[in-house]
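Here's the structure, in structure tokens; my notes come after.
Readers should treat all values here as calculations from the given coordinates under stated rules, not as data from a laboratory. Because the structure is predicted, anything quoted here is derived from the model rather than measured. Every residue, glycine among them, receives a Cβ derived from its backbone with ideal geometry; neighbour counts consider all protein chains shown.
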């Protein structure tokens, strides 16, 4: 089956048409899905197929993705499993009376026999895939009984699946289509999905979270305030109620500093925005929206990180049609 790659960004739409256009794009990739979102929605969707497995990456601010099915269940040929892996941000999932909360790195799956919803936080990034249940060895009854259970991102199966998806995504459909191993890649992906479904119950993430550690609180605040220019180690220390030295000690254990960590998070997001290659957002606007008060400093840091200026990086990722 051809890879049929495609991409869509709401930034290419008029502001009043973004939500409706996003719903149409989402429904074309995943039939039966819709979204509840404001017209100011900023989101992008890239998708392609590996044999009959749908692969997609979603980058979005706050919205709710929903899927409905009429009747009591799907016809046998249409039954499918949908996986989401939360790369950035967080989410709240619901299906058949069960709720789950996703943190960055976590995975969750749904089955198509009942409606489900996934509420995405601001600055979310997810990998999604959909596969017919007949391609999996796990029993449909087990899948139905365990849907909407969040699997910790620390589970070995989730880590392997996430790394594999990231690898083939970086290669891209044009490269994968040329390889003689396309069928083997699909079979490997199915095997990794099966391994993830067989994860031990100890990797199921409880919805009753205990108190956050200082490390977790710091990362949570950084994720929340990443786009504020005043986000600095001293500001973190004041909000958490510890010394600046304590903040630095947390990051020293991670092999970095607070300032470097914040900078790298901002540059990661900048690279993803520039990969969308949308021309209606200037480099200055992107820099300012990511907490850089000096666009020249942003450009210097970006070039040190990637070897390219932001403009060169965006031009490299433009489609031939847009040149």
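A crude spin-label estimate for the pair residue 170 and residue 36, with each label 7 Å from Cα along the Cβ direction, gives 3.8 nm. Between the stretch 260-309 and the stretch 90-138, the C-alpha centres lie 30 angstrom from each other.
As a rough guide to protection, the peptides 226-234, 186-194, 111-119 ranked by mean Cβ packing within 10 Å, highest first, stand as 111-119, 186-194, 226-234. Counting other Cβ atoms within 10 Å as a rough exposure proxy, the listed residues 36, 238, 59 run 238, 36, 59 from fewest neighbours to most. Remark: spin-label model distance residue 256-residue 226 equals 1.0 nm, labels positioned 7 Å along the Cα→Cβ axis. Multiplying each eigenvalue of the alpha-carbon gyration tensor of the stretch 1-54 by 5 and taking the square root yields semi-axes of 23, 12, 7 Å, largest first, rounded to whole angstroms. Gain on full extension, evaluated as 0.36 nm per residue between residue 293 and residue 68 minus their Cα-Cα distance, stands at 76.6 nm. When 60, 167 are arranged by Cβ crowding within 10 Å, least crowded first, meaning fewest neighbours, the order is 167, 60. Shown is the FRET efficiency for residue 182 and residue 154, computed with R0 = 45 Å from the Cβ-Cβ distance and rounded to the nearest 0.05: 0.90. Going from the residue with the fewest nearby Cβ atoms within 10 Å to the one with the most, 294, 106 rank 294, 106.
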